[in-house]
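These notes are about the structure you will find just below.
The values are calculated or read from the model by the stated rules, or taken from the named source; none is laboratory data. Predicted, not measured: the structure shown is a model, and the values here were computed from it. Counting neighbours? That spans all protein chains shown, and the Cβs are built from the backbone with ideal geometry, glycine included.
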Amino acid sequence: MDQQPPGSPQGPRDQGPQDARSLPGCYRHPDRETGVRCTRCERPICPECMVSASVGFQCPDCVRDGSGTGHAPAANRPRTLAGGTVASDPRLVTKVLIGLNLAFYLVQVSVGDAFTSRFELFGRALLSGEVQGVAEGQWYRMLTSMFLHGSVMHILFNMLSLWWIGGPLEAALGRVRYITLYFVSGLSGSALTYLLVGPNQPSLGASGAIYGLFGATAVLYRRLNYDMRPLVGLLVVNLIITFNPGFHIAWQAHVGGLIGGAVVGYAMVHAPRERRNLVQYGVSALVLIVVVVTTLLRTAQLT
């Protein structure tokens, strides 16, 4: 949760919608239910094991063996369904992000409010005897505020959400695409917060980026024809909490991150194979342009 301190469309063509309880488990990760099968051996495969192919998805074993391709195994580099390289540790970036958030929080606790005030997000306010904020050229606050938290419960809730949502999504997208999604979503949340929240009202938290992961996960679930009900239920509960005035939550960061993440996520999982990089990173760049324009307009309004 970003706080304001007080004061999947189609899967394989022969597969219709299914209830998650009837789905088989991945052949490499039996505890993970999936509705997708390798187009070569027809074994069930989860997002972490999916390797993008010219038709459908293949499992890592078939790609490694080069079955039926006429190419050497080295020519078939394992790829995620979004075109990223399959990594030996598919949750590495998620672990690093959690580590960074925890490290920043420890610094906050050790140094105190002086550190938090220096890096949290606000538009324009008098601080330490001088006018500061994003409108005064401190644009870095839109990024640094994504790694700050207001309490133990705040960071605990966000990091659990990041681990639960981020890990599988990183495995499905690949590291570079995943980290692009994370930061574009977080900055989208910061931009909407800067635009709509009072200029002297501080905001901090990783929730904008995490809600972006929620949005991208929803797109991925539709793409793989997964049961959407558990994810939609969780998202509805989070949105109810978001708009509860008693929690002092910056709903603007959540909504901005959710929209940015859904847009970028759609580009990541639906980009045509022949123009994949252009579409994926082109859409990410367009969202960042919207962030910059929004920031410039708000800055002009405040100065």
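Below is a table of values for the structure above.
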{"read-out": "Qualifying residue in segment 215-224 (condition: in a helix (DSSP H, G or I) and farther than 26 Å from F57 by Cβ)", "value": "no"}
{"read-out": "Any pair with Cβ under 9 angstrom, 6 or more apart, that starts in segment 141-155 at a residue that is within 12 Å of L102 (Cα to Cα) and at pLDDT 95 or above and ends at one that is of a type in the set (G, A, S) and surrounded by fewer than 22 Cβ atoms within 10 Å (Cβ to Cβ)", "value": "F147/A103"}
{"read-out": "Matching residues, segment 259-268, being of a type outside the set (G, A, S) and either more than 14 Å from L173 (Cα to Cα) or surrounded by fewer than 23 Cβ atoms within 10 Å (Cβ to Cβ) (or both)", "value": "I259, V263, Y266"}
{"read-out": "Residue in segment 226-236 that is over 19 Å from the mean Cα position of the chain (by Cα) and part of a helix (DSSP H, G or I) present", "value": "yes"}
{"read-out": "From Y221, Y182, residue being aromatic (F, W, Y), closer than 23 Å to L100 by Cα and in contact with a Leu (Cβ under 8 Å, 6 or more places away or on another chain)", "value": "Y182"}
{"read-out": "Selection count, segment 117-167, where residues are assigned to a helix (DSSP H, G or I) and of a type in the set (G, A, S)", "value": "6"}
{"read-out": "Index of the failed condition, A206 passing every other in (1) modelled with pLDDT of 95 or more; (2) over 18 Å from H270 (Cβ atoms); (3) within 11 Å of the chain's Cα centre (by Cα); (4) crowded, with 24+ Cβ neighbours inside 10 Å", "value": "(1)"}
{"read-out": "Verdict on V293 being surrounded by 18 or more Cβ atoms within 10 Å (Cβ to Cβ) and assigned to a helix (DSSP H, G or I)", "value": "no"}
{"read-out": "Conditions (1) out of contact with any helix residue (DSSP H, G or I) (no Cβ under 7 Å at 6 or more places or on another chain); (2) closer than 16 Å to E170 by Cα; (3) among the β-branched types (V, I, T); number of the one not met by V219", "value": "(1)"}
{"read-out": "Failed criterion for D89 (all others in (1) touching a strand residue (DSSP E or B) at 6+ places or on another chain (Cβ under 9 Å); (2) closer than 30 Å to S52 by Cα hold)", "value": "(1)"}
{"read-out": "Which listed residue, of G256, G215, is crowded, with 18+ Cβ neighbours inside 10 Å and over 24 Å from C46 (Cα atoms)", "value": "G256"}
{"read-out": "Some residue of segment 83-98 being buried (at least 20 other Cβ atoms within 10 Å of the Cβ), more than 29 Å from P199 (Cβ to Cβ), out of contact with any Asp or Glu (no Cβ under 7 Å at 6 or more places or on another chain) and modelled with pLDDT under 95", "value": "yes"}
{"read-out": "Tally of residues being at pLDDT 80 or above and either farther than 28 Å from I241 by Cβ or assigned to a helix (DSSP H, G or I) (or both) across segment 1-35", "value": "9"}
{"read-out": "The one condition in (1) farther than 28 Å from I45 by Cα; (2) crowded, with 22+ Cβ neighbours inside 10 Å; (3) out of contact with any Phe, Trp or Tyr (no Cβ under 8 Å at 6 or more places or on another chain) that L195 fails to fulfil", "value": "(2)"}
